[in-house]
Amino acid sequence: MKPDLVSRQPTLQESIFSVMTRLALNHNAINLAQGFPDFDVPAELVEMVHRYMREGHNQYAPMPGVAALRRAVADKIFREHGRIYDPETDLTITAGATEALFAAILAAVQTGDEVLVFEPWYDAYIPAIGYAGGTARTITLHPPKFEIDWSEVHKKITPKTRMIILNSPHNPTGRMLTASDLDALTEITADSQILLLSDEVYEHIIFDGRSHLSLAGRPELAERSFVISSFGKTFHATGWKTGYCAAPAEMTLELRKAHQFITYAVNTPVQYMYAGALKNTGWFASLPGFYQQKRDFFRDLMKTSRFRLLPVEGSYFQLADYSDISDDSDMEFCRRLTIETGVAAIPTSAFYMQNPGQRLIRFCFAKKEETLQRAAEKLCRI
Ligand SMILES: Cc1ncc(COP(=O)(O)O)c(C=O)c1O
């Protein structure tokens, strides 16, 4: 008898990023959909990975990560946010931020727990909450500013609330948390059992002189937070899938229990390479300017289009309102944009529990100037 596999997540579908990327490939469209650069990682990083491979760093890394890399991450966080994380007990290197998110949620959320998530969201949070047996409670952020209404957050908190998930700079809106957001978060969580998960993968892709406010920088928040980031975004190397989680020792202990049986350890030569790369503070200093130039270049090219572009404070995403062009749903609009115009984008309804009926799509501008130029020429014609 053929056994039935009863789906644990029957409503879960293929990620919109895979769907749109496939459509882009099938129709030879310019892919401004999925969030990855179309330019290469710095050659010296490739050379360093080769060197560590040649030197024989090719076996399992320690479960929590190569010691030199955890030390380098601790130094970086201290440099930027003034918090001391002990590399032995508080830092774990993971297979990208995705694994860190999944391990943190599995470690902390149990059957019956509620997790507050802001929508639109990055699409990995809800499935992870589902696999952990928790329930996602959503709080909708509204365009054009997508600001958090903290009184609504307050109302949504129940005795079952175990975690709040934050993401700043935010994918897909490009919004960043402000000091007053962190004040409100501190007040709301004080004297509670609520844990925080802070997804900070775009921490260095920030514009117009803004500072990234990490939850690591606020002691009252850091003591209850899993702070997660990704070297994939920071070093243009999304395919190397390396990230980390910083959290107090008791939280890290639980996260590592999940991590050791999800992946056990992350690829060794890349970890050694990042241990060196993280010391290059000039690289971090250059990133805001590098991406701001791309944001401004794309926005400038799009000035003559009929899209209305929303403000972008951080991340490498640009939301665009197409309501002057079409009444189609965002999914249909993106399908036609890919097939008929030759440019792929992401329909933002994919990031909501229920389709809000907005006419907003997301472009990724982490692309070469020639790619942005070719895409904008097509987009300005419609
Ligand atoms: C907000 C956010 N979090 C996490 C991730 C996943 O990061 P990684 O590729 O390191 O797993 C992404 C990737 O697009 C993202 O946009």
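The values are calculated or read from the model by the stated rules, or taken from the named source; none is laboratory data. As the structure is a prediction and not an experimental result, all values here were calculated from the model. Every residue, glycine as well, gets a Cβ built from its backbone with ideal geometry; the counts of neighbours run over all protein chains shown. Protein only, heavy atoms only, side chains kept; ligands, DNA and RNA dropped before computing areas. Shrake-Rupley method; radii C 1.70, N 1.55, O 1.52, S 1.80 Å.
Summary of values
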item: Linear extension gain, R51 paired with I139, 0.36 nm per residue minus alpha-carbon span; result: 26.9 nm
item: Across K160/K279; K76/K367; K241/K303; K76/K303, pairs whose alpha-carbon gap is larger than 32 Å; result: K160/K279; K241/K303; K76/K303
item: Unit charges on C-beta of K, R, D, E only; dipole of the range 60-280, Debye; result: 500 debye
item: Per residue value of the accessible surface for the range 60-280 (all protein chains in place, 1.4 Å probe), Å²; result: 37 Å²
item: Radius ratio Rg over Rh of the range 60-280, counting only Cα atoms, Kirkwood formula for Rh; result: 0.94
item: Electrostatic dipole magnitude of the chain [Cβ: Lys, Arg +1; Asp, Glu -1; Cα centre; debye, to 20]; result: 660 debye
item: Extension gain, E14 back to D40 (0.36 nm per residue minus Cα-Cα distance, nm); result: 6.7 nm
item: Most to least accessible of R83, R8, R70 (protein chains only, probe 1.4 Å); result: R8, R83, R70
item: Percent antiparallel among DSSP beta bridges (both partners in the chain, rounded to 5); result: 45 percent
item: Residue-count net charge about Q271 - beta-carbon cut-off 12 Å; Lys, Arg +1, Asp, Glu -1; result: +3
item: The range 98-186 - percent relative contact order, Cα under 8 Å, separation 6 or more; result: 32 percent
item: Relative contact order of the range 1-113, defined on C-alpha pairs under 8 angstrom at six or more residues apart (%); result: 14 percent
item: Per DSSP, loop trypsin sites (Lys or Arg not before Pro) in the range 172-235 with at most 16 further Cβ within 10 Å; result: R210
item: Share of alpha-carbon pairs per 20 Å distance bin for the chain, given as whole %; result: 28, 59, 13, 0
item: Exposure of T140 as accessible area (Å², to 10), given a probe of 1.4 Å and all protein chains; result: 40 Å²
item: Solvent-accessible surface (1.4 angstrom probe) belonging to K160, in square angstrom, nearest 10; result: 120 Å²
item: Virtual spin-label span in nm between M63 and K156, 7 Å along Cα→Cβ; result: 3.5 nm
item: Sites A190 and S326, calculated FRET efficiency, Cβ-Cβ separation with R0 45 Å, nearest 0.05; result: 0.45
item: Carbon plus sulfur fraction of accessible area for the chain, probe 1.4 Å, in percent; result: 52 percent
item: Lys, Arg +1 and Asp, Glu -1 on Cβ, resulting dipole of the range 58-177 about Cα centre, debye, nearest 20; result: 140 debye
item: Cleavage-rule hits, chymotrypsin sites (Phe, Trp or Tyr not before Pro), the range 59-149, DSSP coil, Cβ neighbours within 10 Å at most 12; result: Y60
item: With DNA, RNA and ligands ignored, accessible area of D86 (1.4 Å probe; Å², nearest 10); result: 60 Å²
item: Relative contact order computed over the chain (Cα-Cα under 8 Å; 6+ residues apart), in percent; result: 25 percent
item: Positive-end extreme of charge dipole, the chain - chosen from Q271, I126, P37 (charges on Cβ); result: P37
item: Contour minus Cα-Cα distance for I84 and R308 (0.36 nm per residue); result: 76.3 nm
item: Sparse-neighbourhood loop sites, chymotrypsin sites (Phe, Trp or Tyr not before Pro) in the range 167-276 - DSSP loop, at most 16 other Cβ within 10 angstrom; result: Y264
item: Neighbour net charge for E200 - beta-carbon separation under 11 angstrom, K R +1, D E -1; result: -2
item: Sequence of I84, I382, I148 from largest to smallest accessible area, 1.4 Å probe; result: I84, I382, I148
item: FRET efficiency, F290 to R374 (Cβ-Cβ, R0 25 Å, nearest 0.05); result: 0.80
